Structures are given as C-alpha cells and as structure tokens.
1. Please give the number of the condition Lys132 fails out of (1) at pLDDT below 65; (2) exposed (fewer than 12 other Cβ atoms within 10 Å of the Cβ); (3) under 17 Å from the mean Cα position of the chain (by Cα).
2. Taking the options Glu102, Glu109, Glu116, name whichever one is at pLDDT below 95 and buried (at least 17 other Cβ atoms within 10 Å of the Cβ).
3. Among Val41, Val74, which is the only one that is open to solvent by less than 60 Å² (accessible area, probe 1.4 Å) and β-branched (Val, Ile, Thr)?
4. Among the candidates Leu8, Leu25, Leu48, Leu58, single out the residue that is open to solvent by 50 Å² or more (accessible area, probe 1.4 Å) and either of a type in the set (Phe, Trp, Tyr) or under 13 Å from the mean Cα position of the chain (by Cα) (or both).
5. How many residues does segment 28-38 contain that are touching a Ser or Thr at 6+ places or on another chain (Cβ under 8 Å) and surrounded by 15 or more Cβ atoms within 10 Å (Cβ to Cβ)?
6. Can you name the residue in segment 54-86 that is touching a Pro at 6+ places or on another chain (Cβ under 6 Å) and touching a residue at least 40 places away in the same chain (Cβ under 8 Å) and is also nearest to Ile16 (Cα to Cα) among such residues?
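The values are calculated or read from the model by the stated rules, or taken from the named source; none is laboratory data. Treat the numbers as computed from the prediction; the structure is a model and nothing was measured. For neighbour counting, all protein chains shown are included, and Cβ atoms are generated from backbone atoms with ideal geometry for every residue, glycine included. Just so you know, the surface numbers come from the protein's heavy atoms only, side chains and all, with ligands and any DNA or RNA stripped out. Shrake-Rupley method; radii C 1.70, N 1.55, O 1.52, S 1.80 Å.
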Amino acid sequence: MNSSRPYLVRALYEWILDNQCTPYLLVNAEYRDTAVPAGFVEDGQIVLNLSPSAVRQLDMDNDRICFDGRFGGVAQQVWIPVGAVMAIYARENGQGMVFELEPSSPPPEDGPGEDEARESAPARPEGRPSLKVVK
C-alpha cells in the first residue's frame, strides 16, 4: 500500500485553509534530497508557512512538496520529500497532525541482517518533534 502521509498532508492543508488559518509545515531539514534555505534551519528542522500569500507554485504530490518562496527577501525554490514532513498544523491554534519519523533512505535489499542493521542504525530521537512558532 502507498504511504498515507501525502494524502493526509494535502487534506489537512485544505482543512486548515478552509478554516481561515495559516498552514505551517515542520520539516526534517536533514532528510535526504531536502532542499530548504539552510540559514533558517534550527536543530535540523525548519518551519515553513505554506499559506497561498507566502508561496508561489505550490505543488504537492505523493513523492514531494515543492514551491517558490522568499526567505530574508531572497526568492528560493523549496523541495521537500514527503518523508521529511514531520507535522502540518495551523499557526493560530496548533491543530494538525504530527507524523512518525521516516528513514531518509530505504534499507538495502541485500544489506546486513536484522540484528546488524539495528546495531548500525543511528539512534532514533526520543520524544516527539518540537513545534516552534515562527513569527
């Protein structure tokens, strides 16, 4: 089955807009193939305002989210694999959804056994991703 994450992100985005709120996306900026402005990344995460007035050419499909935005007055294209999305929520009230962390690349098919993979895998962060309000 396909991941439900891209469908949920799109649905929550529409729901947040329908309720006259501002959709914010919390992204794992260290996830493979993620292209976000490095100067705005804190603790490996970035919060992005996805309101229609803040972004241009927003495109959300089952593999990635991309758009053009301005960061510090400089136009940049942002590219986010869906697996890098940690949460989507409304700025005004925090309602939304937090997602499980996904590995940034699939394990190799002929890779180490389960025990070896568990030993060599990086430690999973404890707790939930932190949501920070950006003004």
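1. Here Lys132 clears every test but (2).
2. Numbers: Glu109 fails: buried (at least 17 other Cβ atoms within 10 Å of the Cβ); Glu116 fails: buried (at least 17 other Cβ atoms within 10 Å of the Cβ).
On inspection, the qualifying residue turns out to be Glu102.
3. Numbers: Val74 fails: open to solvent by less than 60 Å² (accessible area, probe 1.4 Å).
Checking each option against the conditions leaves just Val41.
4. Only one candidate qualifies: Leu8.
5. The number of residues fulfilling the criteria is 2.
6. So in segment 54-86, the residues touching a Pro at 6+ places or on another chain (Cβ under 6 Å) come out as 62, 64, 71, 76, 82, 86.
If we keep only those that are touching a residue at least 40 places away in the same chain (Cβ under 8 Å) too, we end up with 62, 82, 86.
Numbers: Asn62: 19, Val82: 18, Met86: 16 Å.
It comes out as Met86.
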